[in-house]
1. Looking at region A:179-190, is at least one residue at the interface with chain B (Cβ under 9 Å from one of its Cβ atoms) and not β-branched (Val, Ile, Thr)?
2. Could you tell me which of the residues B:Leu131, B:Leu142 is away from chain A (no Cβ under 14 Å), loosely packed, with under 12 Cβ neighbours inside 10 Å and either modelled with pLDDT of 85 or more or outside any loop (DSSP other than H, G, I, E, B) (or both)?
3. Return the only residue of B:Val265, B:Val247 being more than 11 Å from chain A (Cβ to nearest Cβ) and either in a helix (DSSP H, G or I) or more than 28 Å from B:Pro289 (Cβ to Cβ) (or both).
4. Any chance region B:205-219 includes a residue that's small (Gly, Ala, Ser), surrounded by 16 or more Cβ atoms within 10 Å (Cβ to Cβ), in contact with a helix residue (DSSP H, G or I) (Cβ under 7 Å, 6 or more places away or on another chain) and in a loop (DSSP other than H, G, I, E, B)?
5. Under 30 Å from B:Arg53 (Cβ atoms) and in a helix (DSSP H, G or I), is that true of B:Val100?
6. Could you tell me whether region B:78-86 includes any residue that is assigned to a helix (DSSP H, G or I) and touching a residue at least 12 places away in the same chain (Cβ under 8 Å)?
7. Mind counting the residues in region B:22-35 that are of a type in the set (Gly, Ala, Ser), outside any loop (DSSP other than H, G, I, E, B) and over 37 Å from the mean Cα position of the chain (by Cα)?
8. Mind listing whichever residues of region B:36-54 are within 31 Å of the chain's Cα centre (by Cα) and of a type in the set (D, E, K, R)?
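The values are calculated or read from the model by the stated rules, or taken from the named source; none is laboratory data. Not measured: the values here are computed from a predicted model. Here the Cβ positions follow ideal geometry from the backbone for every residue, glycine too, while neighbour counts run over all protein chains shown.
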Amino acid sequence: MTNKCTVLVVEDDTGIGNYIQTILTANGYNVLRAQGGTEAEMLITSHCPDLVILDLGLPDMDGIEIIRSVRSWSRMPIIVVSARTHEKDKVLALDLGADDYLVKPFGSAEMLARVRTALRHAASGVDVPPTGSFTTGELMVDYDKRHVYIAGEDAKLTQNEYKIVALLSRYAGRVLTYDYILKSIWGPNLSGDNQILRVNMANIRRKIEQNPADPQYIFTETGVGYRMAE
Amino acid sequence: MPKNKFKRVLRNSCVTLGILAAATLLCALLRSFDSGSDYVSMIFILGVFLVARFTDGYLYGIVSSIAGVLLVNFVFTYPYFEFDFTLAGYPLTILCMLSVSLATSATMTQAKQSERIRIEAEREKTRSNLLRAVSHDLRTPLTSILGATSAVIENDDRLTSQQRIELLTGAQEDAQWLIRMVENLLAVTRIDGRGTAQIAKTCEAAEEIVANTVAKFKKRFPEVRFVARAPQELLIVPMDAVLIQQVLANLLENAVVHGGSTTRVEISLRREGNKAVFEVQDDGNGIDPDRLPHIFDGSLSSDTEGKAGDHKRNMGIGLSVCSTIIRAHGGELHARNLEGRGAAFSFTLKLAEEQT
């Protein structure tokens with residue numbers, strides 16, 4: 001990477017902010033810092049960073065509002081940082097268009113992986129329907145034939161099961177919320193129950209995973225959604 | 001919350017009316033056997049007593065005292081179905097009944113209040129005990145973090161890179177221990193004050209909860225083999241997922257850290273009737289038979305004092321948190337030693353209704 005990516009870190013706690021900045025700088029990113037929401041919004045409009053790491057608990061405004069306002073004009077990747085027990089905030093942030101989330105306390109490797117994934121997805125653009133195939137480990141999703149193969153064998157997924165796996169594979173490495181998956185597969189009129197998705201996922205796991213209780217390809221983010229291995 | 005207040009008033013009024021109606025009916029019934037009236041005021045005083053017992057505050061007791069006196073006069077005293085306060089000696093009777101029932105209701109209400117104060121005080125005591133034990137537990141790792149980091153900062157030029165890494169690794173381990181401790185405390189506060197039936201439960205796939213915890217532990221203890229097993233059938237269990245993951249994490253940590261020489265941990269999930277059974281088995285040294293009956297009591301202080309500085313000290317709190325969480329879910333938690341080697345911890349949770 002000759003042209004350094006710029007990351008805006010919005011974090012009111014100086015210690016955590018310093019830590020994030022040090023790791024990002026050491027790994028070749030340009031870092032901008034903001035301590036509050038107003039400052040963040042200013043920096044976002046003036047500098048147009050390549051990625052924003054956003055703490056949801058800011059002193060002067062709700063981080064959710066920043067996601068809302070950025071998403072009204074830009075697709076720039078946003079990674080939210082939240083406390084472990086606030087599942088609702090995470091889901092709301094993701095449904096409003098945040099790309100991923102980190103739960104405090106997080107390690108540096110985890111953060112860098114999330115940053116790389118988000119930047120790559122932003123660069124590749126995901127609006128075009130995928131063609132060709134996607135491979136991770138022994139799993140291969142063939143978008144043209146609409147089949148999923150595991151170690152070369154057809155996994156014999158049903159239509160909906162294929163759609164779920166294909167959707168997750170298009171966003172591999174990123175968490176997709178239950179709501180997003182449900183709406184993409186079954187349309188917007190489904191009632192708010194994600195049982196149907198759970199059952200489908202259990203069936204998919206029994207077809208593609210060696211041990212459904214210890215999956216290698218599709219991971220659960222409890223209370224939030226699913227994430228496919230990259 | 002005006003709606004809540006309205007509800008309470010409604011409930012109290014219903015209780016009051018119901019008890020008064022029951023007393024009246026009972027008197028009317030007795031009257032068909034015996035035309036005397038000595039028992040009437042007794043029954044109404046009992047009614048007032050019950051009203052005071054089952055309603056909040058003084059008001060309902062006082063209202064029912066007065067209503068009782070009026071009812072006795074109106075229905076059960078000659079001339080029937082007419083108020084008449086002029087009978088010889090009657091004002092005295094009324095006065096007596098009124099004062100007895102007022103006194104009864106006042107005493108009852110007061111007794112209820114002092115009971116509430118006692119429970120509150122008890123809870124406060126438990127809380128401050130826990131707080132003391134926890135702060136004691138927190139101080140040791142914090143001291144070591146402070147020591148290690150200041151050693152690095154103040155001796156930057158005199159430390160070899162290996163020494164620096166050693167100090168920082170120690171600080172990191174202590175910080176991780178602190179985080180786990182705090183997560184246990186957060187889990188307890190999530191239940192505290194919400195009572196048994198009121199945990200926010202959502203339907204979760206039990207195998208996903210197991211898979212998540214196992215994945216975390218594989219990363220944390222790469223030298224230990226973790227094996228997860230789930231049945232072919234998908235088990236859906238209503239639970240607070242954050243709390244149940246905390247239970248599984250505590251049990252796995254217990255298996256690895258306290259099992260002694262644990263090399264393999266198996267986490268299995270199975271169905272028994274309308275319950276899901278989660279079990280964690282290890283091949284470590286097992287549980288001391290003397291400790292087995294009290295293992296979930298969270299004997300914090302005795303555990304803490306003997307082995308200060310020992311990182312195993314938090315298991316008292318870890319297992320007692322498990323027990324609190326499982327109890328709050330209406331499930332059961334058991335521990336036993338396996339034949340040969342190792343220990344097994346298991347807990348049950350009710351399956352979702354459509355699965356039973």
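1. The answer is no; no qualifying residue exists.
2. B:Leu131
3. B:Val247
4. Taking every residue of region B:205-219 in turn, none turns out to be small (Gly, Ala, Ser), surrounded by 16 or more Cβ atoms within 10 Å (Cβ to Cβ), in contact with a helix residue (DSSP H, G or I) (Cβ under 7 Å, 6 or more places away or on another chain) and in a loop (DSSP other than H, G, I, E, B).
5. Taking the combined requirement at face value, the residue satisfies it.
6. no
7. Number of matching residues: 2.
8. B:Arg53
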